[in-house]
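Inspection log for the structure reproduced underneath, given as structure tokens.
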Amino acid sequence: MKKILIVDDEGGFTRLMKLTLQKTGEYEVFEENNGACAWETARRVRPDLILMDIVMPNVDGGDAAARIQKDPDLAGIPIVFLTAIVSKKEAVPGGLIGGFPFLSKPVSLDELIACIHQHLPH
Amino acid sequence: MPSPTQAPDRLFLHAMLESSPDHIYFKDTESRFLRINRALARYFGLNDPSEAIGKTDFDFHSPEKAAVRFQDERSIMETGTPIIDKIELEAHRDGKTAWVLTSKSPLCDEQGNLIGTFGISRDITLLKEMEDALGKERNLLRAVVDNVPDFIFAKDTHGRYTLNNLAHARFLGKETPEEVFGMTPFDLLPPAAAELVHADDVSVWKSHAPLLNKIESPVPERWLATSKIPIFDTKGAITGLVGISREITEQKRAQEALEKSNAELQQSREELVLALEELRTVQLQLIEAEKMKLVGRLAAGVAHEVKNPLAIIRMGLEYLKSQTFGDKIIPSVLEEIGGAVQRADSVIGELLDFSAPKKMNKVPVDVNRLIRNALMLVRGEIAARKVVVEEELALNLPPVRLDAMKIEQVLVNVLTNAAHVMEEGGKLTVRTSTRQVTGIGANISQSNFRPGGRLLIIEVLDTGPGVPEALLGKVFEPFFTTQPTGKGTGLGLTVTKTIVDLHGGTIEMKNRPEGGACVTIILDADTD
């Protein structure tokens with residue numbers, strides 16, 4: 001079962017996402033609601049893919065992703081940004097923010113699973 | 001009875017001596033009065049002429065005057081030569097004076113022997129006073145004529161100067177008025193100028209009417225205001241004219257300078273008005289840009305705060321959709337909630353588009369092709385409403401530099417809007433044309449299009465119900481919509497106008513007289 005780490009300061013969102021994804025039976029989902037703790041959690045969990053919010057207090061998604069990428073043990077883990085600050089129109093397939101693929105909130109389960117499939121290492 | 005011509009000389013002499021107002025006297029060789037007439041007796045203050053007999057001028061006049069007379073009479077008697085029309089001032093013993101005109105001759109008896117003198121004097125004091133007064137007046141007039149700075153002249157009917165003052169003589173290049181006397185303008189002025197002066201003279205003589213304040217330039221670079229008045233003799237025949245000219249060269253130059261500076265002022269004023277208008281436009285654009293920056297920040301904040309809860313609702317719905325419920329209605333309720341989330345998300349999306357930083361990527365674009373692309377993109381909206389599309393696209397439209405994606409968005413918005421107002425079907429006409437900017441017309445009154453520049457005009461006409469006149473001015477304002485809630489964000493036409501503004505163009509919506517509305521977009525076809 002693939003492990004997915006969701007980093008988002010919205011606790012309600014991470015909880016529902018975890019429930020929904022786990023309901024598919026294909027993923028084991030971990031939550032982290034503090035950007036500053038994202039790297040530690042990633043080291044502990046060793047996820048196959050990270051879904052990362054951008055706007056978070058203290059350490060934002062960009063910094064957290066950069067720290068994870070710098071860690072040689074974690075550098076290969078794909079990161080997908082999940083953000084509320086871009087419009088749907090900008091989130092065209094193949095679009096990148098800071099070199100990372102992204103999804104615009106709110107996101108449907110179908111979009112989410114399609115994105116995960118696209119970026120999970122096979 | 002003898003005829004009057006046969007009357008004796010004595011009678012004639014007597015009548016003359018009794019009645020003549022002139023003073024008549026006869027004297028002996030010693031200058032003693034032999035006889036004086038009644039008028040002289042009155043003058044001497046005598047009751048009867050006989051009272052003067054044997055007396056001399058020394059008895060009636062001052063000694064000096066009496067001596068002069070005595071000498072005169074001596075000279076007549078010695079030379080035999082009369083004194084004719086001598087004017088002399090008589091002074092009485094009482095101090096009274098009078099001017100007299102006197103003629104004296106030798107007096108001889110019938111044999112030709114000199115026996116004395118006789119004379120006749122006329123009191124010309126009144127005449128002399130009148131002559132003096134006239135002389136004074138003439139001198140005063142001459143002084144005025146000679147000293148005024150205006151040019152004064154008179155001419156006879158041959159155009160010859162009969163009078164000039166000093167100023168006029170000098171204007172004509174002479175030192176004294178006498179040098180000009182008898183000359184004509186043809187002797188003194190360039191031929192063309194002399195012709196003009198002469199023509200005016202002739203017109204005054206012919207019309208008998210004065211010519212007043214004629215502005216003329218008889219000498220290069222000098223200007224005169226001339227008046228000429230005809231003069232007549234006592235029988236009313238024209239004898240010439242008098243004229244007065246005032247030099248107005250300085251006033252003329254000042255007037256020309258004033259007119260020039262007025263024209264310059266007018267031009268500066270027009271430039272200032274244009275600059276002011278430009279400043280106002282720039283000011284409005286700056287205010288608009290500041291507003292948009294603020295709206296942008298607001299929109300980004302709102303988007304973040306709204307999209308996160310929407311994300312939670314969405315994820316919650318996804319979770320619930322994977323559950324099974326006993327109540328069969330629940331799935332449709334979840335669909336409704338999903339639709340609402342999507343609607344809210346699209347409003348936020350358009351708000352973000354509306355407020356996003358506007359960066360332009362201008363390239364030469366075939367606008368007709370862009371219109372056909374846009375029509376393809378909205379074909380679903382058009383087909384759903386049985387709307388017929390008519391293309392009236394100008395041939396050989398020049399490529400225009402613009403941001404193709406943004407203008408395509410403009411076209412999609414306008415075309416979609418037109419399709420939406422024709423729910424029961426209708427005709428949608430898209431027209432393109434070019435035009436030269438000739439002046440400020442109704443459609444381009446607020447624009448900065450250069451006169452002489454080339455304009456691209458895109459018109460989208462529908463046959464829908466049109467827009468109530470009161471609302472026409474508001475169609476481009478944010479959140480204005482005529483469509484039911486949930487069917488439009490009210491930002492489509494605002495985004496459209498913002499994009500057209502970014503291109504320096506104009507967009508306007510009007511109702512068509514035949515029904516429906518027309519959107520006119522005007523872009524600068526020469527933009528680089």
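The values are calculated or read from the model by the stated rules, or taken from the named source; none is laboratory data. Bear in mind that the values here come from a model prediction, so they are computed numbers and not experimental data. Please note: Cβ atoms are built from the backbone with ideal geometry, for glycine as well, and neighbour counts cover all protein chains shown. SASA here: full protein model, heavy atoms, side chains in, ligands and nucleic acids out. Shrake-Rupley method; radii C 1.70, N 1.55, O 1.52, S 1.80 Å.
Structural remarks
- Global geometry of region B:4-127, whether rounded, prolate or oblate, following the gyration tensor of its Cα atoms and the 1.5 cut on a/c: oblate
- Amide H contacts under 5 Å for A:Tyr27: none, restricted to partners 5 or more places along the chain or on a different chain, H placed in the peptide plane at 1.01 Å from N.
- Reachable lysines from B:Lys228, criterion Cα separation under 24 angstrom, eight or more residues apart if same chain: B:Lys155, B:Lys174, B:Lys206, B:Lys214, B:Lys252
- Per-residue ³J(HN,Hα) for region B:370-380, Karplus 6.51 cos²θ - 1.76 cosθ + 1.60, θ = phi - 60°, Hz, x for Gly and Pro: 4, 5, 5, 4, 4, 4, 4, 5, 9, 4, x
- Cα-Cα over 21 Å, subset of B:Lys362/B:Lys497; B:Lys474/B:Lys510; A:Lys2/A:Lys23; B:Lys65/B:Lys86; A:Lys23/A:Lys70: A:Lys23/A:Lys70
- Legend: Rg and Dmax of chain B, from Cα coordinates, 57.9, 190 Å.
- Solvent-accessible ranking of A:Met1, B:Met77, largest area first, probe 1.4 Å: A:Met1, B:Met77
- Region B:67-205, accessible surface, carbon-and-sulfur percent (1.4 angstrom probe): 58 percent
- Positive-pole candidate from B:Phe171, A:Ile77, B:Ser31, dipole of the protein assembly as shown, charges at beta carbon: A:Ile77
- Counting Cβ atoms of other protein chains within 10 Å of each residue's Cβ and taking the mean over peptide B:221-233 gives 0.
- Alpha-carbon Debye profile of the protein assembly as shown, log10 I(q)/I(0) at 0.11, 0.12 Å⁻¹: -1.13, -1.20
- Assuming charge only on the beta carbon of Lys and Arg (+1) and of Asp and Glu (-1), the dipole of chain A about its Cα centre is about 180 debye to the nearest 20.
- Based on the reciprocal of the average 1/r between different C-alpha atoms, the Kirkwood radius for region B:274-362 equals 16.2 Å.
- Förster radius 41 Å - calculated FRET efficiency between B:Ile330 and B:Glu514, Cβ distance, rounded to 0.05: 0.20
- Portion, in percent, of the accessible area of chain A that falls on carbon or sulfur, probe 1.4 Å: 52 percent
- Shown is the FRET efficiency for A:Thr24 and B:Glu423, computed with R0 = 60 Å from the Cβ-Cβ distance and rounded to the nearest 0.05: 0.90.
- Phi-derived couplings, Karplus 6.51 cos²θ - 1.76 cosθ + 1.60 at θ = phi - 60°, listed residue by residue for region B:204-215: 5, 5, 6, 7, 6, 10, x, 10, 10, 6, 7, 7 Hz, with x used for Gly and Pro.
- Relative to one another, the C-alpha centroids of region B:229-302 and region B:322-343 are positioned 75 Å apart.
- Buried surface between chains B and A: roughly 1900 Å² of accessible area, summed over both sides, computed with a 1.4 Å probe on protein heavy atoms only.
- Residues whose amide H falls under 5 Å from that of B:Glu90, counting only those 5 or more places apart or on a different chain, are B:Ala98, B:Trp99, B:Val100, with hydrogens built in the peptide plane.
- Within straight-line cross-link reach of B:Lys235, aspartates and glutamates at Cα separation under 19 Å, skipping those fewer than 8 residues along the same chain: B:Asp156
- Here's how it looks for A:Ile97: its modeled amide H is under 5 Å from those of A:Phe102, which are all 5 or more places away or on a different chain.
- Per-selection Rg to Rh, region A:1-52 - Cα, Kirkwood hydrodynamic radius: 0.94
- Ignoring aspartates and glutamates fewer than eight residues from B:Lys386 along the same chain, the ones with Cα atoms less than 18 angstrom from its Cα are B:Glu423, B:Glu424, B:Asp462.
- Accessible area per residue (1.4 Å probe, heavy atoms of protein chains only) ranks B:Lys104, B:Lys65, B:Lys510, B:Lys293 as B:Lys293, B:Lys510, B:Lys65, B:Lys104, with the largest value leading.
- Degrees between helix B:492-502 axis and first principal axis of chain B (Cα, 0 to 90, nearest 10): 50 degrees
- Residue-level accessible surface for B:Glu179, protein heavy atoms, 1.4 Å, Å²: 80 Å²
- Estimated FRET transfer efficiency when R0 is 35 angstrom, pair B:Gln323-A:Glu40 (beta carbons, to 0.05): 0.55
- Angle of helix B:125-147 to the longest C-alpha principal axis of chain B, folded into 0 to 90 degrees and rounded to 10: 30°.
- In loop segments of region B:297-400 as defined by DSSP, the chymotrypsin sites (Phe, Trp or Tyr not before Pro) with at most 14 further C-beta atoms inside 10 Å of their C-beta are B:Phe325.
- Using a probe of 1.4 Å, the accessible surface attributed to B:Met292 totals some 40 Å² when neighbouring protein chains are kept in position.
- Share of carbon and sulfur in the accessible area of region B:264-357 stands at 64%, probe radius 1.4 Å.
- ³J(HN,Hα) computed for each position of region B:150-163 - Karplus, 6.51 cos²θ - 1.76 cosθ + 1.60, integer Hz, glycine/proline x: 6, 8, 10, 8, 9, 9, 8, 6, 9, x, 8, 6, 10, 7
- Surface listing: B:Lys27, B:Lys86 arranged by accessible area from highest to lowest gives B:Lys86, B:Lys27, probe 1.4 Å.
- Scattering profile of chain A at q = 0.18, 0.22 Å⁻¹ [log10 I(q)/I(0), Debye over alpha-carbon scatterers]: -0.91, -1.45
- Per residue, region A:2-119 exposes an accessible area of 44 Å² to a 1.4 Å probe, with every protein chain left in place.
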